[in-house]
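The values are calculated or read from the model by the stated rules, or taken from the named source; none is laboratory data. Not measured: the values here are computed from a predicted model. Cβ placement follows ideal geometry from the backbone for every residue including glycine, while neighbour counts extend to all protein chains displayed. Ligands, DNA and RNA are excluded from the accessible area calculation, which covers all protein heavy atoms including side chains. Shrake-Rupley method; radii C 1.70, N 1.55, O 1.52, S 1.80 Å.
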Amino acid sequence: MLQIKQISGGYPGFQVLHDLSFSVEKGEFFGIIGPNGSGKTTLLKMMSGLLSPKKGDILLQDKPLRNFTTKELAQKLAVLPQVQSEAFAFTVKETVALGRYAHQKGLFQTRREEDEQIIEKAMIATGIQPFQNKLLHTLSGGERQRVFLAQALAQKPEILLLDEPTNHLDLSFQKELLDKLNRWVREKGLTVISIFHDLNIASLYCDRLLLMDKGRIHTIGKVEDVIQKQTIRTVYHIEVEIYNHPKMPKPQIALLPSPLQMNPSD
Ligand code: ADP
């Protein structure tokens, strides 16, 4: 579905990614993990077409991303970026409706009945329908995150790219969102590529993980091949214990607080 071929690049005068190659299959729940600054967001930006690689190619269904128009790309791929703190003067529903833009036809780009239904469904799926007429800047961070998720869903993408989708959500909304994504992946063949900070959540929901380290791929593979004591030690420089989830065949990480030291200079 999405092939990353020997990409390198980053920002003017600053190379972030070094020679990355991998592919993501249709209907996969694919997680990107790694320490702060390891290049996860830069990689996601390149996969979404926001940033061009300096070298290498990204192919979406065998066609280079750069050969898609913005509108064509938006029909295939939706992005939920990390934090939206801007207070737009839009209502919730208007914001979700923007997701239909790429699918609207004709000179005046009017919303059709079909668009209305898709917008409605996206609002129901994310539980934001009750406050659809509120202005965006009056919402909490978690509510706003769900509005932007609804916008991405209204795009009806084949691939959904997410940058830490749960970082503003409380535990119950985290679970609800991830369960929903999981269902769309399993039942509708949606491809989800998501950055996760929480490695235990990534382990529970993802089919495969890509562990980034200093702009390179450190490990890529099944969750149990990536979430290993030695790998975490090398990349994150911490000691952890790995145990099996009590109900699922998935590795989980237990942090070990360092012993207290009687050092008055600290
Ligand atoms: P991660 O998502 O893993 O935390 P990023 O991809 O955001 O990592 O950042 C990787 C590196 O690129 C960091 O050193 C960061 O400072 C740098 N960087 C990120 N965005 C920009 C930018 N717009 N311009 C220049 N450097 C950037």
statement: Within region 153-179, restricting to residues that are under 15 Å from GLY142 (Cβ atoms) and part of a loop (DSSP other than H, G, I, E, B), the one that is modelled with the lowest pLDDT is HIS168
- line: From the option list ARG186, ARG146, single residue qualifying as of a type in the set (D, E, K, R), touching a Ser or Thr at 6+ places or on another chain (Cβ under 9 Å) and either in a helix (DSSP H, G or I) or surrounded by fewer than 21 Cβ atoms within 10 Å (Cβ to Cβ) (or both) is ARG146
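Between LEU77, LEU50, which is touching a residue at least 24 places away in the same chain (Cβ under 8 Å) and within 12 Å of the ligand (Cβ to nearest atom)?
Working: LEU77 fails: within 12 Å of the ligand (Cβ to nearest atom).
From the options LEU77, LEU50, the qualifying one is LEU50.
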field: Subset of region 249-262 [outside any strand (DSSP E or B) and either of a type in the set (Phe, Trp, Tyr) or open to solvent by 80 Å² or more (accessible area, probe 1.4 Å) (or both)]
entry: PRO249, LEU256, PRO257, SER258, PRO259, LEU260, GLN261, MET262
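For GLU113, indicate whether it is surrounded by fewer than 14 Cβ atoms within 10 Å (Cβ to Cβ) and at pLDDT below 90.
Spelling it out, GLU113 is indeed surrounded by fewer than 14 Cβ atoms within 10 Å (Cβ to Cβ) and at pLDDT below 90.
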field: First in region 135-146 and without any contact (Cβ under 8 Å) to a residue 24 or more places away in the chain, second anywhere and part of a helix (DSSP H, G or I), Cβ under 8 Å, 6 or more apart
entry: GLU143/PHE131
- prompt: What is the one condition in (1) within 16 Å of the ligand (Cβ to nearest atom); (2) crowded, with 16+ Cβ neighbours inside 10 Å that GLY27 does not satisfy?
  reply: (1)
Residue list for region 46-83, restricted to those being in a loop (DSSP other than H, G, I, E, B) and either among the small types (Gly, Ala, Ser) or open to solvent by less than 70 Å² (accessible area, probe 1.4 Å) (or both): SER48, GLY49, LEU51, SER52, PRO53, PHE68, PRO81, GLN82
field: Which listed residue, of LEU199, LEU210, is surrounded by 19 or more Cβ atoms within 10 Å (Cβ to Cβ) and within 21 Å of LEU77 (Cβ to Cβ)
entry: LEU210
- prompt: Restricting attention to region 4-22, which residues are open to solvent by 40 Å² or more (accessible area, probe 1.4 Å) and under 17 Å from THR219 (Cα atoms)?
  reply: LYS5, GLN6, HIS18, ASP19, SER21
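Can you tell me how many residues in region 35-45 are assigned to a helix (DSSP H, G or I) and either over 15 Å from the mean Cα position of the chain (by Cα) or more than 9 Å from the ligand (Cβ to nearest atom) (or both)? Walk me through it before giving the result.
So in region 35-45, the residues assigned to a helix (DSSP H, G or I) come out as 40-45.
Checking which are either over 15 Å from the mean Cα position of the chain (by Cα) or more than 9 Å from the ligand (Cβ to nearest atom) (or both) leaves us with none.
So the count comes out to 0.
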query: Given the conditions (1) in contact with a His (Cβ under 7 Å, 6 or more places away or on another chain); (2) open to solvent by 40 Å² or more (accessible area, probe 1.4 Å), which single one is not true for GLU164?
result: (2)
query: Only one of these conditions is not met by LYS156: (1) on the phi > 0 side of the Ramachandran plot; (2) open to solvent by less than 30 Å² (accessible area, probe 1.4 Å); (3) out of contact with any Ser or Thr (no Cβ under 9 Å at 6 or more places or on another chain). Which number is it?
result: (2)
task: Just one of (1) over 30 Å from ARG186 (Cα atoms); (2) touching a strand residue (DSSP E or B) at 6+ places or on another chain (Cβ under 7 Å); (3) surrounded by fewer than 16 Cβ atoms within 10 Å (Cβ to Cβ) trips up TYR243, so point out which.
output: (1)
